[in-house]
Amino acid sequence: MQKSSAGCRCHIEAVYEVDQSPIGKTSRSTPGTYVKIFDEIRNLYAQLPVSRMRGYSASRFSFNAEGGRCETCKGQGVIKLEMNFLPEALVPCEDCGGRRYNPQTLEVLYNEKSIGDVMEMTIDEAAEFFGAHPKIVRPLSLLVETGLGYLKLGQPSPTLSGGEAQRLKLVTQLKRGVGRAENERIRKMRKPGSTLYLLEEPTIGLHMADVDLLLKVLHRLVDEGNTVIVIEHNLSVIAEADYIVDLGPEAGADGGRVVAVGTPEQISKRRTSRTAPFLRKVLRPTRNKQARSS
Ligand SMILES: [Zn+2]
């Protein structure tokens, strides 16, 4: 937590809780729409000679509006099958083959790819494909750097894992290549470097490799001047913290008291802390060295 020289003046302008809940509930929401690059991609397609000749505007390339989309599936690419006594099932739309657009729209090609093909690209592929368009590439390369490059641009948001949704929310909070934040209101009221991010056990259900990527995003948020508070049992996360408040001594009703506070190095030496012996094992030699020199 930052402290000003005046003592208690608070520098935090906004608080944002980041959880693993889905970023969208329908297949109208995709990673591409969430980071708001579809507006730019649609503009690009509307400027192509074929579009100009036919009078196609950017809205023609929206799968959420009438005109360019496949009307059988209303641009969703899938049809909901409701069956008696059985859970609903989603099947690919037969008319567009899951590509969300009508044939005329799909005839407009940029570098031999239609807007439907673009939806099928991974973020990695799209970052290369749109290399000449900084406005599209910037948010994409941020997603690539934080390990989300394998997601498809048009992948329906409900199919993302909790960890992927969480990371996508965090990445859109990074300054470079800002996309749409989960909450526009927070974005408007926030000043740069003044947001407090709260995360409760963000590593639940995450693979070890994903934990590393999550840490990378959290570090970047802190590097930009924000504050991140994480409630966590995962030792890899605890070891990466600047400051730890260790609660205990036991779990549940026998806990809740502050057992130790300090840097990971300091906590690892406290006899009162149950976490200490485990923390000592994960603290990297480099961190120990840094602590000794400071
Ligand atoms: Zn369709």
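The values are calculated or read from the model by the stated rules, or taken from the named source; none is laboratory data. The shown structure was predicted, so the numbers you read here are calculated from the model rather than taken from an experiment. Every residue, glycine as well, gets a Cβ built from its backbone with ideal geometry; the counts of neighbours run over all protein chains shown.
Structure notes:
- Test: residue in the range 76-97 that is among the basic types (Lys, Arg), under 20 Å from PHE38 (Cα atoms) and without any contact (Cβ under 8 Å) to a residue 40 or more places away in the chain: no
- Per this entry, GLY252 is counted among residues that are surrounded by fewer than 18 Cβ atoms within 10 Å (Cβ to Cβ), of a type outside the set (Asp, Glu), closer than 20 Å to SER273 by Cα and at pLDDT below 90.
- Residue within the range 41-52 that is over 30 Å from TYR197 (Cβ atoms), within 16 Å of the ligand (Cβ to nearest atom) and either in contact (Cβ under 8 Å) with a residue 12 or more places away in the chain or surrounded by 13 or more Cβ atoms within 10 Å (Cβ to Cβ) (or both) present: no
- Selection count where residues are charged (D, E, K, R), in contact with a Phe, Trp or Tyr (Cβ under 9 Å, 6 or more places away or on another chain) and either closer than 18 Å to GLU107 by Cα or near the ligand (Cβ under 7 Å from one of its atoms) (or both), scope the range 63-78: 1
- Taking the criterion of being under 28 Å from the mean Cα position of the chain (by Cα), within 16 Å of the ligand (Cβ to nearest atom) and more than 15 Å from PHE63 (Cα to Cα), no residue of the range 93-117 qualifies.
- Selection status of LYS175, modelled with pLDDT under 85, of a type in the set (Lys, Arg) and farther than 18 Å from ASP39 by Cα: yes
- Residue list for the range 8-59, restricted to those being assigned to a helix (DSSP H, G or I), under 25 Å from PRO158 (Cα atoms) and not aliphatic (A, V, I, L, M): PRO31, GLY32, THR33, TYR34, PHE38, ASP39, GLU40, ARG42, SER59
- Scan of the range 233-247 for residues that are closer than 15 Å to VAL261 by Cα, part of a loop (DSSP other than H, G, I, E, B) and touching a helix residue (DSSP H, G or I) at 6+ places or on another chain (Cβ under 7 Å), ordered by number: GLU240, ALA241
- Residue count, the range 153-171 (criterion: of a type outside the set (D, E, K, R), closer than 27 Å to VAL78 by Cα and crowded, with 17+ Cβ neighbours inside 10 Å): 10
- Within the range 118-138, the only residue that satisfies the criterion of being among the small types (Gly, Ala, Ser) and under 18 Å from PHE63 (Cβ atoms) is ALA126.
- Within the range 248-284, being in a loop (DSSP other than H, G, I, E, B) and small (Gly, Ala, Ser) holds for ALA251, GLY255, GLY256, SER268, SER273.
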